[in-house]
Amino acid sequence: MAVIRLIPGAGPAVWRGALAWTEEGGAWQPWRLPPDRIATAHAPVLVTRARMPAGVRAVVRTDAAALELRTYAAADDVTSLDVTVDGMLWRRTALAAGAVTSRVELPPGAKVVEVWLPQFGEVRTGPLVLHDATYATAAGDEGPRWVTYGSSITQCRSAAGPSETWPALVARRLGWDLTCLGFAGECHLDPVAARAIARTPADLISLCLGGNVHGFASMSLRTFTGQVSGFIQTIRDTQPRVPIAVISPMTSPPRERLVNPVHLTLDDVRTAVADAVRTLRRCGETRLHLIDGPSVLGPDDAHLLLPDALHPNADGYRLMAERLAPRLAAVAAAP
(Lines give C-alpha, C1' and ligand atoms only; values in the text may rest on other atoms or scores of the structure.)
Protein backbone atom coordinates (compact mmCIF):
# COMPACT_ATOMS: atom_id res chain seq x y z
CA MET A 1 0.00 0.00 0.00
CA ALA A 2 1.09 3.56 -0.70
CA VAL A 3 1.22 7.02 0.80
CA ILE A 4 -0.99 9.41 -1.17
CA ARG A 5 -0.58 13.20 -0.92
CA LEU A 6 -3.54 15.38 -1.91
CA ILE A 7 -2.45 18.97 -2.53
CA PRO A 8 -5.05 21.75 -2.14
CA GLY A 9 -6.10 23.29 -5.41
CA ALA A 10 -4.77 20.38 -7.50
CA GLY A 11 -6.72 17.51 -9.05
CA PRO A 12 -8.60 15.41 -8.29
CA ALA A 13 -11.16 17.82 -6.77
CA VAL A 14 -10.79 16.49 -3.23
CA TRP A 15 -10.55 19.92 -1.57
CA ARG A 16 -13.92 21.71 -1.53
CA GLY A 17 -15.32 25.03 -0.32
CA ALA A 18 -12.53 27.50 -1.22
CA LEU A 19 -12.83 29.95 -4.10
CA ALA A 20 -9.05 29.97 -4.58
CA TRP A 21 -5.78 28.67 -3.10
CA THR A 22 -2.40 30.38 -2.92
CA GLU A 23 0.88 28.81 -1.82
CA GLU A 24 2.66 30.59 1.03
CA GLY A 25 5.93 29.23 2.35
CA GLY A 26 5.24 25.62 1.43
CA ALA A 27 1.68 25.70 2.75
CA TRP A 28 -1.59 26.50 1.01
CA GLN A 29 -3.86 29.39 1.94
CA PRO A 30 -7.57 28.89 1.28
CA TRP A 31 -9.47 31.99 0.16
CA ARG A 32 -13.21 32.44 0.43
CA LEU A 33 -13.12 35.59 -1.70
CA PRO A 34 -10.93 36.09 -4.79
CA PRO A 35 -7.44 37.05 -3.56
CA ASP A 36 -6.76 39.12 -6.68
CA ARG A 37 -9.81 41.31 -5.99
CA ILE A 38 -10.21 41.28 -2.20
CA ALA A 39 -8.27 44.57 -1.81
CA THR A 40 -11.06 46.35 -3.69
CA ALA A 41 -13.27 45.94 -0.61
CA HIS A 42 -11.00 48.33 1.33
CA ALA A 43 -11.89 46.34 4.45
CA PRO A 44 -8.89 44.75 6.26
CA VAL A 45 -11.08 42.67 8.57
CA LEU A 46 -12.92 41.19 5.60
CA VAL A 47 -9.54 40.14 4.17
CA THR A 48 -8.79 38.36 7.45
CA ARG A 49 -12.16 36.63 7.46
CA ALA A 50 -11.73 35.58 3.82
CA ARG A 51 -8.56 33.72 4.88
CA MET A 52 -10.51 31.73 7.51
CA PRO A 53 -11.52 28.35 6.05
CA ALA A 54 -15.15 28.05 7.21
CA GLY A 55 -16.69 25.23 5.21
CA VAL A 56 -13.39 24.30 3.53
CA ARG A 57 -12.76 20.57 3.63
CA ALA A 58 -11.22 17.62 1.89
CA VAL A 59 -13.68 14.90 0.87
CA VAL A 60 -12.15 11.64 -0.32
CA ARG A 61 -13.25 8.07 -0.95
CA THR A 62 -10.39 5.84 0.18
CA ASP A 63 -9.29 2.68 1.96
CA ALA A 64 -6.51 4.49 3.87
CA ALA A 65 -5.60 3.27 7.33
CA ALA A 66 -4.70 6.74 8.62
CA LEU A 67 -4.51 10.37 7.57
CA GLU A 68 -2.14 13.16 8.45
CA LEU A 69 -2.53 16.91 8.01
CA ARG A 70 -0.21 19.74 9.00
CA THR A 71 -1.91 23.07 9.70
CA TYR A 72 -0.49 26.50 10.38
CA ALA A 73 -2.70 28.81 12.46
CA ALA A 74 -1.97 32.52 12.83
CA ALA A 75 -3.27 32.77 16.42
CA ASP A 76 -4.72 30.80 19.31
CA ASP A 77 -8.28 31.86 18.47
CA VAL A 78 -8.42 29.01 15.94
CA THR A 79 -11.21 26.45 16.37
CA SER A 80 -10.89 22.68 15.92
CA LEU A 81 -10.21 20.28 13.05
CA ASP A 82 -12.97 17.70 12.40
CA VAL A 83 -12.70 14.33 10.66
CA THR A 84 -15.88 12.52 9.69
CA VAL A 85 -16.16 8.98 8.32
CA ASP A 86 -19.20 8.08 6.23
CA GLY A 87 -20.99 11.16 7.50
CA MET A 88 -20.36 10.62 11.23
CA LEU A 89 -17.94 12.57 13.39
CA TRP A 90 -14.86 10.39 13.90
CA ARG A 91 -12.30 12.70 15.52
CA ARG A 92 -12.21 16.34 16.69
CA THR A 93 -8.74 17.78 17.27
CA ALA A 94 -7.98 21.05 19.05
CA LEU A 95 -5.52 23.33 17.28
CA ALA A 96 -3.30 26.18 18.47
CA ALA A 97 -1.16 28.93 16.99
CA GLY A 98 1.72 27.76 14.84
CA ALA A 99 2.30 24.47 13.09
CA VAL A 100 0.34 21.44 14.29
CA THR A 101 0.45 17.96 12.75
CA SER A 102 -2.75 15.97 13.25
CA ARG A 103 -2.69 12.21 12.66
CA VAL A 104 -5.94 10.26 12.74
CA GLU A 105 -6.23 6.48 12.54
CA LEU A 106 -9.14 5.42 10.35
CA PRO A 107 -11.43 2.37 10.39
CA PRO A 108 -10.53 -0.39 7.92
CA GLY A 109 -12.01 -0.77 4.46
CA ALA A 110 -13.60 1.58 1.99
CA LYS A 111 -15.14 4.80 3.35
CA VAL A 112 -15.74 8.46 2.61
CA VAL A 113 -13.52 10.65 4.79
CA GLU A 114 -14.10 14.37 5.26
CA VAL A 115 -11.49 16.62 6.88
CA TRP A 116 -13.07 19.94 7.90
CA LEU A 117 -10.69 22.85 8.47
CA PRO A 118 -11.51 25.23 11.36
CA GLN A 119 -14.45 27.55 10.79
CA PHE A 120 -12.67 30.36 12.65
CA GLY A 121 -9.03 31.44 12.68
CA GLU A 122 -6.58 32.16 9.88
CA VAL A 123 -5.26 28.75 8.81
CA ARG A 124 -2.98 27.47 6.07
CA THR A 125 -2.63 23.77 5.38
CA GLY A 126 -0.22 21.25 3.97
CA PRO A 127 -1.28 18.36 1.73
CA LEU A 128 -3.67 15.76 3.08
CA VAL A 129 -1.53 12.65 3.47
CA LEU A 130 -3.21 9.23 3.36
CA HIS A 131 -1.26 6.29 4.76
CA ASP A 132 -1.59 2.66 3.62
CA ALA A 133 -4.01 3.57 0.83
CA THR A 134 -4.50 1.85 -2.51
CA TYR A 135 -6.74 4.60 -3.90
CA ALA A 136 -8.12 8.08 -3.19
CA THR A 137 -10.85 9.64 -5.32
CA ALA A 138 -12.88 12.83 -5.02
CA ALA A 139 -16.21 12.31 -3.31
CA GLY A 140 -17.50 15.79 -2.48
CA ASP A 141 -18.41 17.17 -5.90
CA GLU A 142 -21.40 14.96 -6.62
CA GLY A 143 -24.31 16.82 -5.01
CA PRO A 144 -26.07 20.09 -5.83
CA ARG A 145 -23.79 23.11 -5.41
CA TRP A 146 -24.85 25.49 -2.61
CA VAL A 147 -23.34 28.91 -1.92
CA THR A 148 -24.36 30.63 1.32
CA TYR A 149 -23.42 34.18 2.37
CA GLY A 150 -23.78 35.87 5.73
CA SER A 151 -22.25 37.12 8.95
CA SER A 152 -20.87 35.45 12.08
CA ILE A 153 -24.13 33.52 12.34
CA THR A 154 -23.17 31.84 9.05
CA GLN A 155 -19.48 31.48 9.95
CA CYS A 156 -20.57 29.95 13.32
CA ARG A 157 -17.52 30.38 15.56
CA SER A 158 -19.39 28.98 18.59
CA ALA A 159 -20.52 25.79 16.83
CA ALA A 160 -19.25 22.56 18.39
CA GLY A 161 -16.84 22.10 15.48
CA PRO A 162 -16.46 22.94 11.78
CA SER A 163 -18.58 19.96 10.71
CA GLU A 164 -21.40 21.18 13.01
CA THR A 165 -21.93 24.72 11.80
CA TRP A 166 -25.46 25.10 10.52
CA PRO A 167 -24.32 25.26 6.85
CA ALA A 168 -22.17 22.14 7.32
CA LEU A 169 -25.02 20.25 8.99
CA VAL A 170 -27.49 21.22 6.25
CA ALA A 171 -25.03 20.27 3.51
CA ARG A 172 -24.25 16.90 5.09
CA ARG A 173 -27.93 16.14 5.66
CA LEU A 174 -28.95 16.99 2.09
CA GLY A 175 -25.84 15.81 0.27
CA TRP A 176 -25.02 19.32 -1.01
CA ASP A 177 -21.62 20.65 -2.06
CA LEU A 178 -21.15 23.64 0.28
CA THR A 179 -19.34 26.91 -0.30
CA CYS A 180 -19.68 28.93 2.91
CA LEU A 181 -19.17 32.69 2.63
CA GLY A 182 -19.92 33.60 6.23
CA PHE A 183 -17.77 36.54 7.40
CA ALA A 184 -18.04 37.46 11.08
CA GLY A 185 -18.79 41.17 11.39
CA GLU A 186 -18.25 41.67 7.65
CA CYS A 187 -21.58 40.99 5.94
CA HIS A 188 -22.09 44.46 4.49
CA LEU A 189 -23.17 43.63 0.92
CA ASP A 190 -19.67 44.31 -0.44
CA PRO A 191 -19.55 44.35 -4.25
CA VAL A 192 -16.54 41.99 -4.17
CA ALA A 193 -18.73 39.43 -2.39
CA ALA A 194 -21.62 39.86 -4.82
CA ARG A 195 -19.32 39.37 -7.81
CA ALA A 196 -17.70 36.33 -6.20
CA ILE A 197 -21.08 34.70 -5.63
CA ALA A 198 -22.14 35.56 -9.17
CA ARG A 199 -19.06 33.82 -10.59
CA THR A 200 -19.34 30.69 -8.43
CA PRO A 201 -21.37 27.93 -10.12
CA ALA A 202 -24.38 27.13 -7.93
CA ASP A 203 -27.65 25.24 -7.89
CA LEU A 204 -28.85 27.21 -4.85
CA ILE A 205 -27.75 30.48 -3.25
CA SER A 206 -28.76 31.63 0.21
CA LEU A 207 -28.11 35.09 1.67
CA CYS A 208 -28.48 35.85 5.39
CA LEU A 209 -28.63 39.65 5.48
CA GLY A 210 -29.00 42.53 7.89
CA GLY A 211 -27.46 41.64 11.25
CA ASN A 212 -24.10 43.33 10.71
CA VAL A 213 -25.70 46.33 9.03
CA HIS A 214 -27.71 46.94 12.20
CA GLY A 215 -24.90 46.15 14.63
CA PHE A 216 -22.30 48.34 12.91
CA ALA A 217 -24.77 50.99 11.65
CA SER A 218 -23.08 50.69 8.27
CA MET A 219 -26.16 51.72 6.26
CA SER A 220 -29.25 53.80 6.80
CA LEU A 221 -32.73 52.87 5.65
CA ARG A 222 -32.16 55.16 2.64
CA THR A 223 -29.22 53.04 1.45
CA PHE A 224 -29.78 49.55 2.86
CA THR A 225 -32.91 48.37 1.04
CA GLY A 226 -31.54 49.44 -2.32
CA GLN A 227 -28.20 47.78 -1.58
CA VAL A 228 -29.97 44.50 -0.83
CA SER A 229 -31.73 44.74 -4.20
CA GLY A 230 -28.52 45.66 -6.01
CA PHE A 231 -26.58 42.81 -4.39
CA ILE A 232 -29.19 40.29 -5.49
CA GLN A 233 -29.39 41.73 -9.00
CA THR A 234 -25.61 41.57 -9.42
CA ILE A 235 -25.84 37.84 -8.74
CA ARG A 236 -28.89 37.46 -10.94
CA ASP A 237 -27.21 39.12 -13.93
CA THR A 238 -24.79 36.17 -14.11
CA GLN A 239 -26.98 33.41 -12.66
CA PRO A 240 -30.44 34.14 -14.08
CA ARG A 241 -32.17 30.90 -13.10
CA VAL A 242 -30.55 29.80 -9.83
CA PRO A 243 -33.00 29.89 -6.90
CA ILE A 244 -32.02 32.39 -4.21
CA ALA A 245 -33.20 32.27 -0.59
CA VAL A 246 -32.87 35.47 1.45
CA ILE A 247 -32.90 34.99 5.22
CA SER A 248 -33.66 38.02 7.37
CA PRO A 249 -32.04 38.48 10.82
CA MET A 250 -32.76 35.97 13.59
CA THR A 251 -34.26 37.20 16.82
CA SER A 252 -32.03 39.07 19.27
CA PRO A 253 -34.32 40.20 22.11
CA PRO A 254 -32.38 43.29 23.29
CA ARG A 255 -31.85 44.51 19.72
CA GLU A 256 -35.38 44.21 18.36
CA ARG A 257 -36.26 47.76 19.46
CA LEU A 258 -32.72 49.07 19.97
CA VAL A 259 -32.25 52.17 17.79
CA ASN A 260 -28.73 52.25 16.35
CA PRO A 261 -26.81 55.44 15.39
CA VAL A 262 -28.52 55.58 11.98
CA HIS A 263 -31.97 55.24 13.59
CA LEU A 264 -32.66 51.59 12.71
CA THR A 265 -33.86 48.83 15.00
CA LEU A 266 -33.19 45.19 14.18
CA ASP A 267 -36.87 44.86 13.35
CA ASP A 268 -36.56 47.79 10.92
CA VAL A 269 -33.69 45.99 9.18
CA ARG A 270 -35.73 42.80 8.96
CA THR A 271 -38.62 44.72 7.42
CA ALA A 272 -36.27 46.31 4.88
CA VAL A 273 -34.91 42.91 3.80
CA ALA A 274 -38.45 41.63 3.32
CA ASP A 275 -39.41 44.76 1.37
CA ALA A 276 -36.44 44.33 -0.99
CA VAL A 277 -37.37 40.71 -1.69
CA ARG A 278 -41.06 41.46 -2.24
CA THR A 279 -40.26 44.35 -4.57
CA LEU A 280 -37.95 42.19 -6.67
CA ARG A 281 -40.59 39.48 -6.84
CA ARG A 282 -43.11 42.02 -8.12
CA CYS A 283 -40.52 42.90 -10.78
CA GLY A 284 -40.51 39.28 -11.96
CA GLU A 285 -37.95 37.57 -9.69
CA THR A 286 -40.05 34.45 -9.21
CA ARG A 287 -37.05 32.32 -8.13
CA LEU A 288 -36.32 34.61 -5.19
CA HIS A 289 -37.64 33.47 -1.80
CA LEU A 290 -37.80 35.04 1.67
CA ILE A 291 -37.20 33.10 4.90
CA ASP A 292 -38.18 35.08 7.98
CA GLY A 293 -35.32 34.97 10.48
CA PRO A 294 -37.45 34.60 13.65
CA SER A 295 -39.03 31.48 12.14
CA VAL A 296 -35.54 29.95 12.17
CA LEU A 297 -34.48 31.19 15.61
CA GLY A 298 -37.17 33.15 17.41
CA PRO A 299 -38.11 34.58 20.83
CA ASP A 300 -38.85 31.14 22.27
CA ASP A 301 -35.30 30.06 21.39
CA ALA A 302 -33.52 32.82 23.32
CA HIS A 303 -32.11 30.25 25.76
CA LEU A 304 -29.99 28.95 22.85
CA LEU A 305 -28.15 32.25 22.51
CA LEU A 306 -24.79 33.10 24.04
CA PRO A 307 -24.68 35.72 26.82
CA ASP A 308 -24.48 38.45 24.15
CA ALA A 309 -28.09 37.50 23.25
CA LEU A 310 -27.11 37.54 19.59
CA HIS A 311 -25.00 34.51 18.61
CA PRO A 312 -26.40 30.97 18.92
CA ASN A 313 -24.59 28.37 20.98
CA ALA A 314 -23.78 24.92 19.61
CA ASP A 315 -27.31 23.66 20.20
CA GLY A 316 -28.71 26.81 18.59
CA TYR A 317 -26.76 26.11 15.42
CA ARG A 318 -28.02 22.53 15.38
CA LEU A 319 -31.60 23.78 15.68
CA MET A 320 -31.02 26.28 12.87
CA ALA A 321 -29.82 23.43 10.64
CA GLU A 322 -32.83 21.30 11.57
CA ARG A 323 -35.24 24.09 10.64
CA LEU A 324 -33.42 25.42 7.59
CA ALA A 325 -32.67 22.12 5.85
CA PRO A 326 -36.25 21.38 4.71
CA ARG A 327 -36.95 25.01 3.84
CA LEU A 328 -33.81 25.39 1.73
CA ALA A 329 -34.51 22.04 0.09
CA ALA A 330 -37.97 23.32 -0.82
CA VAL A 331 -36.49 26.48 -2.34
CA ALA A 332 -34.03 24.40 -4.36
CA ALA A 333 -36.87 22.22 -5.66
CA ALA A 334 -39.38 25.01 -6.35
CA PRO A 335 -40.53 25.24 -9.99
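Return an integer: the convex hull volume of the alpha-carbon atoms of the stretch 122-199, in Å³ per residue.
On the way: hull volume 11.1 nm³, N = 78.
Per residue, the Cα convex hull of the stretch 122-199 comes to 142 Å³.
Apply the Kirkwood formula to the stretch 20-158: the hydrodynamic radius equals the inverse of the mean of 1/r over all pairs of different alpha-carbon atoms; give it in Å with one decimal.
Result for the stretch 20-158 stands at 15.9 Å.
Ignoring ligands, DNA and RNA, what accessible area per residue does the stretch 1-114 give at 1.4 Å, in Å²?
Working: 4980 Å² over 114 residues.
Per residue, the stretch 1-114 has 44 Å² of solvent-accessible surface.
I'd like the FRET efficiency for Leu89 and Ala66, computed as 1/(1 + (r/R0)^6) with the beta carbon distance as r and R0 of 22 Å, rounded to 0.05. Please report the intermediate quantities before stating the final value.
Values: r = 17 Å, r/R0 = 0.78.
FRET efficiency, Leu89 to Ala66: 0.80.
What does the C-alpha gyration tensor say about the overall shape of the stretch 104-233? Classify as rounded when a/c is under 1.5, otherwise prolate if a/b is larger than b/c, or oblate.
The shape class here is prolate.
Give me P(r) over the chain, computed from all C-alpha to C-alpha distances, binned every 20 Å, as integer percentages.
Over the chain, the share of Cα pairs per 20 Å bin runs 33, 57, 10, 0 percent.
Expressed in nm to one decimal, what extension gain is obtained for the pair Thr48 and Ala75 from 0.36 nm per residue of sequence separation less their Cα-Cα distance? Display every interim value, and only then the final one.
Working: separation 27, 0.36 × 27 = 9.72 nm, distance 1.19 nm.
Result: 8.5 nm gained on full extension.
With the chain treated as a Gaussian network of Cα nodes joined by springs under 10 Å, which of His289, His131, His263 yields the largest mean-square fluctuation?
Checking each option, the largest mean-square fluctuation is seen for His263.
Carbon and sulfur together cover what percent of the accessible area of the stretch 204-335 at a 1.4 Å probe radius?
Here it works out to 55 percent.
Can you give me the accessible area per residue for the stretch 205-335, using a 1.4 Å probe, in Å²?
45
For the chain, which longest stretch is free of loop sites, where a loop site is one of the GluC sites (Glu not before Pro) that DSSP puts outside H, G, I, E and B and that has at most 16 other Cβ atoms within 10 Å? Show your work: numbers first, answer last.
Working: sites that count: Glu142, Glu256.
Longest site-free region, per DSSP loop and neighbour criteria: 1-141.
Considering the Cα trace of the stretch 258-331, what is its radius of gyration and what is Dmax, both in angstroms?
Looking at the stretch 258-331, its Cα Rg and Dmax stand at 14.7, 42 Å.
So how far apart, in nm, are the two label points at Asn313 and Ala10 if each is 7 Å from Cα heading toward Cβ?
Between Asn313 and Ala10, the simple spin-label model gives 4.5 nm.
Just the number, please: carbon plus sulfur as a percent of the accessible area of the stretch 114-155, 1.4 Å probe, no ligands or DNA/RNA counted.
About 45 percent, which is the carbon plus sulfur part of the accessible surface.
Take the chain, mark every one of the trypsin sites (Lys or Arg not before Pro) that falls in a DSSP loop and has at most 14 other Cβ within 10 Å, then report the longest stretch left between them, sites excluded.
With a cap of 14 other Cβ atoms within 10 Å, the longest stretch comes to 38-240.
What percentage of the solvent-accessible surface of the stretch 13-87, computed with a 1.4 Å probe over protein heavy atoms, is contributed by carbon and sulfur atoms?
Its accessible area is 49 percent carbon and sulfur atoms.
How far apart, in nanometres, would the label points at Thr279 and Ala217 be if each is projected 7 angstrom from Cα along the Cα-to-Cβ direction?
My value for the distance between the label points is 2.4 nm.
For the stretch 143-185, what is the accessible area per residue in Å², given a 1.4 Å probe and the full set of protein chains? Display every interim value, and only then the final one.
Values: 970 Å² over 43 residues.
Per residue, the stretch 143-185 has 23 Å² of solvent-accessible surface.
Please compute the volume of the convex hull spanned by the alpha-carbon atoms of the stretch 78-156 and report it per residue in Å³.
Convex hull volume per residue, Cα atoms: 127 Å³.
The values are calculated or read from the model by the stated rules, or taken from the named source; none is laboratory data. Treat the numbers as computed from the prediction; the structure is a model and nothing was measured. Note: ideal-geometry Cβ built from the backbone for every residue, glycine included; neighbour counts use all protein chains shown. Calculation scope for accessible area: heavy atoms of the full protein, side chains included, ligands and nucleic acids excluded. Shrake-Rupley method; radii C 1.70, N 1.55, O 1.52, S 1.80 Å.
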